[in-house]
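No lab work stands behind these numbers, since they all come straight from the coordinates. All values reported here derive from a predicted model rather than from experimental measurement. Because the Cβ atoms are built from the backbone with ideal geometry, glycine has one as well, and the counts that use them run over all protein chains shown.
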Amino acid sequence: MDASFLRRFDIVLELSPPTVAQRRKWIDKVAGDGVSEDLRDRLARTKHLSPAIVTRVLKVADAVEPESSPVRDDMVTDLVNDTLTVQGYGEVAPSISGLGIYPLDYLNTDVDLERVVDGLRARPQGSLCLYGLPGTGKSAYAEWVAKMLDKPLVVKRASDLFGRYLGETENNIAQAFREAQLDGAVLLIDEADSFLQDRAASFQRWEITQVNEMLTQIEAFKGIFIATTNLVETLDPACLRRFDLKVKFEALTPDQAQHLFEAHLAMLGLEATVTESLLNKVRELTNLTPGDFAAVARQAGFNPVAGAADFVQRLAKECGLKKENRHLPIGFG
């Protein structure tokens, strides 16, 4: 609208989309126990989802699959996705990784993670940079922080923030911080190196303005902001100064690796097949992370694990595919 028209209105009100907490409240009311906790969380984090869409989709699900089940969850997700796609709004938000089987005992960091949460509980404002190898639990820890503080978690990835037009990415970055501020949420930006690369190495003006916008928003944000990256060495020096705390996430220690291995064998009912030799092989694997265990556990869903030795073989293969391990043989003799 022309600025001269806007000046003639006595009141101008912005009707913002519901916050995550508001969406979760009416989704719980409408859906109840008819869908899983995970799906309710995903629906709540889907920005353009309206109560009318959820209500209509649930009526269809009630007629076809009235009982709560994974099949019903899939049906609801597909129907909502179809509606959102037609409207040009994408799809239902993805599941957050979650700690799953991994308590904090299986995260290997250079700070006390529980003390960090205690500090944020006392003063709920700060910016954290979580860096280290992929699969070490950085995003999962951000989810745990939000749960411990009883706050919603707003998750943004590169696909959510990058825009095709000049200035669109900067606007999306600003909107992400605003959304988290309005919702009283913890804001997580995964793979933040996409937006915080060293400006000295930038060749395009838009690359620099994106970094500038991110730095400005971090400094002005009055809530809890968490960024994760596997490439901390590429970050702009000015951005590192903006983070109140930098936490390094490293590969599992030998003891952690063994305990997590034993926990997975128990979960799969394979603990009877373990030997001392296999435990030693697990302890000797290089750069083993919780993400490697999660990958093998997912494989087990469609490619059953034959026993403890098979599980170790698969872990060794995951480790062998990593860049820093590619000179090592995959598997063991």
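Which order do the peptides 29-35, 1-7 come out in when sorted by mean C-beta neighbours inside 10 angstrom, highest first?
29-35, 1-7
If contacts are Cα pairs under 8 angstrom and at least 6 residues apart, what is the relative contact order of the range 1-105 in percent?
RCO, the range 1-105: 25 percent.
Could you work out how far apart the two model spin labels at GLU14 and ASP255 are, taking each label as a point 7 Å from the Cα in the direction of the beta carbon, and quote it in nm?
Simple spin-label model gives 5.1 nm for this pair.
I'd like the orientation of helix 168-183 relative to the chain: the angle between its Cα long axis and the longest Cα principal axis, in ° from 0 to 90, rounded to 10.
The angle comes out near 90 degrees.
If you fit an axis through the alpha-carbon atoms of helix 308-320 and take the longest principal axis of the Cα set of the chain, what angle between them do you get, 0 to 90°, nearest 10?
Helix 308-320 sits roughly 60 degrees off the main axis of the chain.
List every residue whose amide H lies under 5 Å from the amide H of ASN108, counting only residues 5 or more places away in sequence or on a different chain, with H placed 1.01 Å from N in the peptide plane.
Excluding prolines and chain starts, which carry no amide H, the hits are GLU250.
For the chain, set up a GNM with springs between Cα atoms under 10 Å and report which of LEU13, LEU279, LEU252 has the largest fluctuation.
Fluctuation is largest for LEU13.
Is the C-alpha gyration tensor of the range 187-316 telling us rounded, prolate or oblate? Criteria: a/c under 1.5 is rounded; beyond that, a/b larger than b/c is prolate, otherwise oblate.
Here the range 187-316 falls in the prolate category.
Residue by residue through the range 244-257, which ³J(HN,Hα) values in whole Hz follow from phi under the Karplus form 6.51 cos²θ - 1.76 cosθ + 1.60 (θ = phi - 60°), with glycine and proline marked x?
3J(HN,Hα) across the range 244-257, in whole Hz: 5, 9, 10, 10, 8, 9, 10, 4, 4, 6, x, 5, 4, 4.
If you take semi-axes √(5λ) of the Cα gyration tensor in Å from the coordinates, which of (1) 38, 28, 18; (2) 47, 20, 16; (3) 49, 19, 18 do you get?
The value matching this structure is (1).
Can you find, among LEU133, LEU49, SER277, the residue farthest towards the positive end of the dipole of the chain? Put +1 on the C-beta of Lys and Arg, -1 on that of Asp and Glu.
Ranked along the dipole, the leading option is LEU49.
For the range 184-196, take each phi angle, set θ = phi - 60°, evaluate the Karplus expression 6.51 cos²θ - 1.76 cosθ + 1.60, and give the result in whole Hz per residue in order, putting x for glycine and proline.
Along the range 184-196, the couplings run x, 9, 7, 9, 10, 10, 7, 6, 5, 4, 4, 10, 10 Hz.
Please go through the range 98-171 and write out the GluC sites (Glu not before Pro) that DSSP classes as loop and that have at most 13 other C-beta atoms within 10 Å.
When the GluC sites (Glu not before Pro) of the range 98-171 are filtered for loop state and at most 13 Cβ neighbours within 10 Å, nothing remains.
Enumerate the amide H contacts of LYS246 below 5 Å, restricted to partners 5 or more residues apart or on another chain; note that Pro and chain-start residues carry no placed amide H.
Under 5 Å from the amide H of LYS246: CYS129.
If you plug each phi of the range 292-297 into the Karplus form 6.51 cos²θ - 1.76 cosθ + 1.60 with θ = phi - 60°, what whole-Hz ³J(HN,Hα) values come out, in order, with x for Gly and Pro?
5, 5, 4, 5, 5, 5
Suppose each label sits 7 Å from its Cα in the direction of the beta carbon; what would the ASP244-THR273 distance come out to in nanometres?
So the two model labels end up 4.8 nm from each other.
Return the percentage of antiparallel bridges among DSSP beta bridges fully within the chain, rounded to the nearest 5 %.
Close to 15 percent.
Just to confirm the number: angle between the C-alpha axis of helix 138-148 and the first principal axis of the chain, 0 to 90 degrees, nearest 10?
Value to nearest ten degrees: 70.
Once the piece of chain linking GLN87 and LEU104 is laid out straight, how much longer is it, given 0.36 nm per residue of separation minus the C-alpha distance between them?
2.0 nm
Pull out the extension gain between TYR165 and TRP26, defined as 0.36 nm times the separation in residues minus the alpha carbon to alpha carbon distance; nm, one decimal.
46.6 nm
For LYS151, list the lysines whose Cα falls under 26 Å from its own Cα; do not include residues on the same chain fewer than 8 positions away.
Hits, sequence-local ones excluded: LYS25, LYS29, LYS47, LYS138, LYS222, LYS246, LYS248.
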